[in-house]
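The values are calculated or read from the model by the stated rules, or taken from the named source; none is laboratory data. These numbers come from a predicted model, not from an experiment. Every residue, glycine as well, gets a Cβ built from its backbone with ideal geometry; the counts of neighbours run over all protein chains shown. Accessible surface areas use protein heavy atoms only, side chains included; no ligands, DNA or RNA. Shrake-Rupley method; radii C 1.70, N 1.55, O 1.52, S 1.80 Å.
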Amino acid sequence: MNNYLAEFLGTAFFVYIILSTGNPLAIGAALALAILVTSPISGGHINPAVSIVMASAGKMQINDLIPYCLAQIFGGLVALELFKRYKL
């Protein structure tokens with residue numbers, strides 16, 4: 001369960017930075033920070049495409065693929081709603 005929460009929060013943070021700044025340096029720093037923080041907990045995928053590849057390569061259990069992807073998609077949607085309501 002902590003894996004999915006970490007992916008949700010990491011993706012929400014990363015997507016919010018993308019939407020609010022659009023600055024490539026800020027986006028790169030946000031991605032690096034999100035991966036560094038979530039890697040020990042969940043692997044730091046932060047992207048459904050990465051999760052699919054990791055499951056296909058056998059580095060992640062197939063049973064975890066759908067929950068990971070859903071957590072990441074919902075994290076992105078929450079970031080969008082936060083961006084709409086609270087702009088930097």
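Rundown of residues vs (1) modelled with pLDDT of 95 or more; (2) basic (K, R); (3) touching a Pro at 6+ places or on another chain (Cβ under 8 Å), yes/no style:
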position	(1), (2), (3)
A12	yes, no, no
L25	yes, no, no
H45	no, no, no
I66	yes, no, no
Q72	yes, no, yes
A79	yes, no, no
L88	no, no, no
Legend entry - Subset of region 15-38 (residues that are farther than 21 Å from Y86 by Cβ and in contact (Cβ under 8 Å) with a residue 24 or more places away in the chain): I35, V37, T38
Legend entry - Unmet criterion (only one of (1) polar (S, T, N, Q); (2) open to solvent by 70 Å² or more (accessible area, probe 1.4 Å); (3) in contact (Cβ under 8 Å) with a residue 40 or more places away in the chain) for Q61: (3)
Legend entry - Verdict on S20 being closer than 18 Å to M1 by Cα, touching a Leu at 6+ places or on another chain (Cβ under 9 Å) and surrounded by 13 or more Cβ atoms within 10 Å (Cβ to Cβ): no
Legend entry - Among residues of region 49-58, those that are in contact with a Phe, Trp or Tyr (Cβ under 8 Å, 6 or more places away or on another chain) and either within 15 Å of F13 (Cα to Cα) or open to solvent by 60 Å² or more (accessible area, probe 1.4 Å) (or both), counted: 0
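So, in region 59-74, of the ones that are β-branched (V, I, T) and within 19 Å of L9 (Cα to Cα), which residue ends up nearest to the chain's Cα centre (by Cα)? First the steps, then the outcome.
So in region 59-74, the residues β-branched (V, I, T) come out as 62, 66, 73.
Keeping just the survivors that are within 19 Å of L9 (Cα to Cα) gives 66, 73.
Details: I66: 14, I73: 8 Å.
Restricting to residues being β-branched (V, I, T) and within 19 Å of L9 (Cα to Cα), the top hit is I73.
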